[in-house]
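The values are calculated or read from the model by the stated rules, or taken from the named source; none is laboratory data. As the structure is a prediction and not an experimental result, all values here were calculated from the model. Neighbour counts run over all protein chains shown; Cβ positions are idealised from the backbone, glycine included. These accessible areas exclude ligands, DNA and RNA; they are computed on the full protein's heavy atoms, side chains included. Shrake-Rupley method; radii C 1.70, N 1.55, O 1.52, S 1.80 Å.
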Amino acid sequence: MFKRILPCTVWLAKYDRQILTSDVLAAVIVTVMLIPQSLAYALLAGMPPETGLYASILPLILYAIFGTSRTLAVGPVAVVSLMTAAAASEVAASGLVTHIEAAMMLALISGILLALIGMLRLGFLANFLSHPVVSGFISASGIIIALSQLKHFLGISANGDTLIELLETLIRNVSNTNFYTVSVGSFALLILIWARTGLKSILKSMGWNTFYVNTAVRIAPVFAVILTSLAAYLFRLDQLGVKLMGEIPSGLPSLSLPPLEFTVIQYLLLPALMLSIIGYVESVSVGRTLAARKKQKIDPDQELIGLGAANLGASISGGFPVTGGFSRSIVNYDAGAETPAASFFTAIGIALATILLTQYLAWLPNATLGTTIIIAVLSLVDLKILKTTWNYSRSDFAAVSLTMGMTLIFGVEIGVSTGVLISLFLHLYKTSRPHIAEVGLISGTEHFRNILRHKVKTYNDLLLLRVDSRLYFPNASFIEDEILSTLLKRPTIKHVILQCTGVNEIDISALEVLEVLNERLLEQNIGFHLAEVKGPVMDKLNKTHFCEVLNGKVTLTLYEAVQTLHHGD
């Protein structure tokens, strides 16, 4: 019990000098990458730059204590930062709280929700958010994020939470583009692109290890930050209209709760829930992937508690909502992190940077951070999912395209709400209309297969149906209707046999439908039989009077039932 509540006690018991060395090395690499990334995502969330650093200190420590993934790195991420900006800006417009306070409250509510869901062990609910829907939402969010950062690249004013609003303001103000800002952004863009192409090829040709090559590429934003900041300082680019980061307060944040305004809490409750769902899905997906590589596993419910603790930490330390990030987690994994202690050391590194390095960040151009975000989020945009789902499943294509369209047109809050509703609708629709196959006997065997897919023997007096789903309240009436409609078309049928190999459960509603169906078939002098019923299902049926009133038999195999009931060729 104690180990489940505090997973850190498991790996701390086996901690040694070798693991310490690996964790410290990974922490150094992640810290170097995380500094510009944290500043960039603070900019995206509409927050002061230092809050990005704050959101990368205490949350990392708390997740290291309560989380179960050995290599997941928690902090600000693109999509969650965008959702934070959208929710906080609307609340701030009311005048009840500031944008910063709204973001801190969002982290607080999100932290409480995540921890509560985890303690109630309801993490499985996130599984109802289908991958195509999540992919569509993240792709659309990536497009919105990239467009929102073009204003920093061009040095113009633009605002909006939707594709239409952003395009409208960008087009309206594009004539005010600042040449020097574009030059800085283009230089940063060239560095980032060259790092992924030219630098990678050069280092590989020099015989560098793959790990060091990938590490150099991933910390390329640091070089862009250093070089463009140096250029801004030497050439006084601020006097030429290039917007700079400006003075960033040094020192660690003071710990305090955000103001608790009941009206604001009511408004932020739904955005916080949506934000929590998306953050959790992203985090658990990354955590599971990395854990599988090391033959480890994570506890989804404890992950909720870990992420909840991280967000509570962000809320009381002047930060904004956080979750497990893909890029930093991959870097953490590749850098050799063995335990969550790597995140603890990363937090120390960020804390030292907050104390010692903020004075050097004043000359950092906003265009550099905007370009860094654009390059990072474009990798989130997966338009191939549209083609894939179109070819594989039209219902999944509809879910992806509708989620993507709603997000682009109406914003992230409507988009994620739509995605959740679509996922639930598709689940209910598919389970309410299960696959039912009429089967026949393969000659020379005792096996039965779908008559539409195989050359099989059928029987005029028997209707053999295989139900490939559990029988429960949403689909029971559908199955009944299918059977009765088939009987109307085929008056020669004397027996109906349900092959139950795919039936793992029959709930009370389905049982009542079966009883009614049994009575209707009895009235028509048609036998009703079950075959190949699974043990647990049979155990439940034996506790009822169903088997006693059944006008047919329950047989071990479908072949046995056919041999018993069919007369003639």
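Let me know the shape class of segment 433-569, please: from the alpha-carbon gyration tensor, a ≥ b ≥ c as square roots of the eigenvalues, rounded when a/c is under 1.5, otherwise prolate if a/b is greater than b/c, or oblate. Cα axes put segment 433-569 in the rounded bin.
Computed from label points 7 Å out along Cα-Cβ, the spacing between ARG453 and ALA362 is 7.1 nm. Once the 1.4 Å probe is applied to the protein heavy atoms, the chain comes out at 47 Å² accessible per residue. Measure off, as a whole percent, the carbon and sulfur share of the 1.4 Å-probe accessible area of segment 428-528, all protein chains present. Looking at segment 428-528 in its full context, I get 50 percent from C and S. Let's test the formula: R0 of 51 Å, r as the Cβ-Cβ distance of SER477 and THR263. What FRET efficiency results, to the nearest 0.05? In this case the efficiency is close to 0.70. Taking the helices alone, the chain has a mean residue ellipticity at 222 nm of -20000 deg cm²/dmol, built from -39,500 (n - 2.57) per DSSP H run of at least 4 residues and averaged over all its residues. Averaging Cα coordinates gives a centre for segment 222-294 and one for segment 336-387; these two points are 9 Å apart. Projected label points at GLU247 and TYR429, each 7 Å from Cα along the beta carbon direction, are separated by 5.8 nanometres. The distance from the alpha carbon centre of segment 424-490 to that of segment 16-44 is 56 Å, rounded to a whole number. Potential lengthening of the chain between LEU255 and LEU487 amounts to 76.3 nm, from the contour at 0.36 nm per residue minus the alpha-carbon distance.
Rounded, prolate or oblate: which one fits segment 29-146, using the alpha carbon gyration tensor with axes a ≥ b ≥ c (rounded when a/c is under 1.5, else prolate when a/b beats b/c, else oblate)? Cα axes put segment 29-146 in the rounded bin.
Each residue of segment 509-523 is assigned a 3J(HN,Hα), and the resulting list reads 5, 5, 4, 5, 5, 4, 5, 5, 4, 4, 5, 5, 5, 4, 4 Hz, derived from the Karplus form 6.51 cos²θ - 1.76 cosθ + 1.60 (θ = phi - 60°), x at Gly and Pro. Computed with a 1.4 Å probe over protein heavy atoms only, the accessible area of TYR180 comes to about 100 Å².
Sorting ILE373, ILE35, ILE193 by accessible area puts them as ILE193, ILE35, ILE373; the probe is 1.4 Å, largest comes first, and only protein heavy atoms count.
Here's how it looks for THR323: its modeled amide H is under 5 Å from those of GLY75, VAL77, which are all 5 or more places away or on a different chain. Residues PHE137, PHE262, ordered by accessible area of protein heavy atoms at a 1.4 angstrom probe radius and largest first, appear as PHE262, PHE137. Ranking HIS566, HIS545 by solvent-accessible area of protein heavy atoms (1.4 Å probe, all protein chains present), from largest to smallest, gives HIS545, HIS566. Using a simple spin-label model with pseudo-atoms 7 Å out from Cα toward Cβ, SER89 and GLN563 lie 7.3 nm apart. The overall shape of segment 204-285, judged from the alpha-carbon gyration tensor, is oblate: a/c is not under 1.5, and a/b is no greater than b/c. Would you give the gap between the C-alpha center of segment 56-96 and the C-alpha center of segment 160-215, rounded to a whole Å? Spelled out, the Cα-based centre of one part sits 25 Å from the other.
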